[in-house]
Amino acid sequence: MGLLLAGMLVGALVFAPVLWIVILAIATPIATHEVVRRLREGGYDVPFIPVALGGQAMIWLSWPFGTTGVLGAFGATVVVCMVWRLVGQGLTHTPVNYLRDMSATVMLTVWVPLFMAFGVLLIFHDDGSGKEFTSGAVFCLLFAVVLSDVGGYTAGVLFGKHPMVPAISPKKSWEGLAGSLLFGVSGAVVAVTFLLPGRHWWVGLPLGVLLVLTGTLGDLVESQIKRDLGIKDMGRSLPGHGGMMDRLDGLLPAAAVTWIVLTVLH
């Protein structure tokens with residue numbers, strides 16, 4: 001299943017980058033539903049419909065309007081969710097856990113649809129102002145993240161003796177982080193050099209470092225959320241791999257980081 005999905009993603013990026021938008025548009029509500037279901041099981045009142053619809057707006061408005069469309073749709077989604085939660089509990093009733101539930105809702109809206117929309121922005125030239133697609137930036141992201149995972153796993157297994165945050169993720173070690181940095185930064189430099197013509201090779205240095213740190217922190221954040229909710233996996237949509245969010249926890253914020261780095265260091 002994992003290889004099939006990977007093949008579909010690579011095929012879409014190589015032969016029809018516009019399908020990347022369709023794939024992310026389909027993945028967004030699935031991942032959103034996984035998190036909403038788990039939050040509700042934990043006692044949070046988090047709306048699915050406005051977040052899912054807002055996610056589609058962020059994805060599709062990124063095409064004609066770039067970051068303006070994405071951030072505009074994000075802001076509108078947060079406002080709608082605030083009103084939705086207020087009306088849902090009844091205007092004549094005393095608010096119960098409103099701030100807590102809205103904080104969880106905003107976190108969800110950032111974590112899934114907003115970061116997913118940055119994954120769409122990566123395939124556009126000039127921040128979406130034109131309609132020309134490119135897959136180089138996405139491949140840079142994926143190549144660096146995969147090598148980072150390989151380096152972290154290898155170094156952790158062979159040399160890992162000092163846990164980073166044992167209370168949250170016992171398997172993560174400082175040696176593993178060093179391996180992730182070595183492989184991830186090397187992969188980012190190679191990817192930028194060969195996949196992004198016209199870019200300076202050194203752009204891969206900050207890109208690689210930030211991707212490794214973002215991926216590591218993303219894993220730790222989801223691990224902490226799972227511990228708070230008392231669960232092992234976010235979902236069951238990917239047999240043998242847990243849910244979609246169990247695979248995307250580090251990739252989603254990494255997409256936003258990649259876009260920011262490549263936009264600033266143009």
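The values are calculated or read from the model by the stated rules, or taken from the named source; none is laboratory data. Keep in mind it's a predicted model, so treat the numbers as computed, not measured. Glycine gets a Cβ as well: all are built from the backbone with ideal geometry, and neighbour counts include every protein chain shown.
Before moving on, here are some points about what is shown:
- Evaluation of Gly160 against (1) exposed (fewer than 15 other Cβ atoms within 10 Å of the Cβ); (2) assigned by TED's automatic domain parsing to the domain that holds His200 (one fails), failing number: (1)
- Checking each residue of the stretch 134-150 against the condition of being at pLDDT below 90, over 16 Å from Pro253 (Cα atoms), surrounded by 15 or more Cβ atoms within 10 Å (Cβ to Cβ) and touching a His at 6+ places or on another chain (Cβ under 8 Å) gives at least one match.
- Check on Leu71, under 17 Å from the mean Cα position of the chain (by Cα) and within 19 Å of Arg40 (Cα to Cα): no
A quick yes/no check of all residues on (1) in contact (Cβ under 8 Å) with a residue 60 or more places away in the chain; (2) under 16 Å from the mean Cα position of the chain (by Cα); (3) assigned to a helix (DSSP H, G or I); (4) buried (at least 18 other Cβ atoms within 10 Å of the Cβ):
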site	(1), (2), (3), (4)
Val10	no, no, yes, no
Leu13	yes, no, yes, yes
Trp20	yes, yes, yes, yes
Ala27	yes, yes, yes, yes
Pro50	no, no, yes, yes
Val83	no, no, yes, no
Pro95	no, no, no, no
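- Residue pairs whose Cβ atoms lie under 7 Å apart, separated by 6 or more positions or on different chains, with the first residue in the stretch 156-176 and touching a residue at least 60 places away in the same chain (Cβ under 8 Å) and the second of a type in the set (D, E, K, R) and surrounded by fewer than 16 Cβ atoms within 10 Å (Cβ to Cβ), do not occur.
- Options Met245, Met234; residue that is outside any helix (DSSP H, G or I), touching a residue at least 40 places away in the same chain (Cβ under 8 Å) and crowded, with 16+ Cβ neighbours inside 10 Å: Met234
- Count of the stretch 145-166 residues, restricted to those that are part of a loop (DSSP other than H, G, I, E, B), in contact with a strand residue (DSSP E or B) (Cβ under 8 Å, 6 or more places away or on another chain) and not charged (D, E, K, R), is 2.
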